[in-house]
1. For Ala53, indicate whether it is closer than 23 Å to Asn3 by Cα and within 18 Å of the chain's Cα centre (by Cα).
2. Considering only residues that are loosely packed, with under 13 Cβ neighbours inside 10 Å, small (Gly, Ala, Ser) and assigned to a helix (DSSP H, G or I), which ones fall in the stretch 1-29?
3. Any chance you could count how many residues in the stretch 35-75 are over 16 Å from Asn19 (Cβ atoms), part of a helix (DSSP H, G or I) and free of Cβ contacts under 8 Å to residues at least 24 places away in the same chain?
4. Could you tell me which numbered condition Gly32 fails, if it satisfies all but one of (1) of a type outside the set (A, V, I, L, M); (2) surrounded by 14 or more Cβ atoms within 10 Å (Cβ to Cβ); (3) not in a helix (DSSP H, G or I)?
5. Does the stretch 12-21 contain at least one residue that is more than 30 Å from Arg66 (Cβ to Cβ) and more than 10 Å from the chain's Cα centre (by Cα)?
Amino acid sequence: MRNFWSIFALVLAIIGGINWLLIGIFAFNLVGWLFGFAPWIASLIYILVGLAAIYLFVWLIVGASRRRENVRQMS
């Protein structure tokens, strides 16, 4: 996971996770607070966080598949 997109997706997922933590504990939406002046920016960030989560999910599945193939080849 050393390429730019993987790191970018991971950062976005962390930002999204922290935002949900703040919403859950303090009922405080950090993204909405930071970008309340331009709701389209907040929407864009939410879309990017969702796409990052999908990317990381696919990365996880593909990685697991590759690991299984490597184990089969080693046996």
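Every number in this text was worked out from the coordinates using simple rules, so none of it is lab data. Please read these numbers as outputs of a predicted model, since none were measured by experiment. Counting neighbours? That spans all protein chains shown, and the Cβs are built from the backbone with ideal geometry, glycine included.
1. Numbers: closer than 23 Å to Asn3 by Cα: yes; within 18 Å of the chain's Cα centre (by Cα): yes.
Taking the combined requirement at face value, the residue satisfies it.
2. Within the stretch 1-29, Gly17, Gly24 meet the criteria.
3. 19
4. Condition not satisfied by Gly32: (3).
5. Restricting attention to the stretch 12-21, the residues satisfying the condition of being more than 30 Å from Arg66 (Cβ to Cβ) are 19, 21.
If we keep only those that are more than 10 Å from the chain's Cα centre (by Cα) as well, we get 19, 21.
Yes, some residue in the stretch 12-21 is more than 30 Å from Arg66 (Cβ to Cβ) and more than 10 Å from the chain's Cα centre (by Cα).
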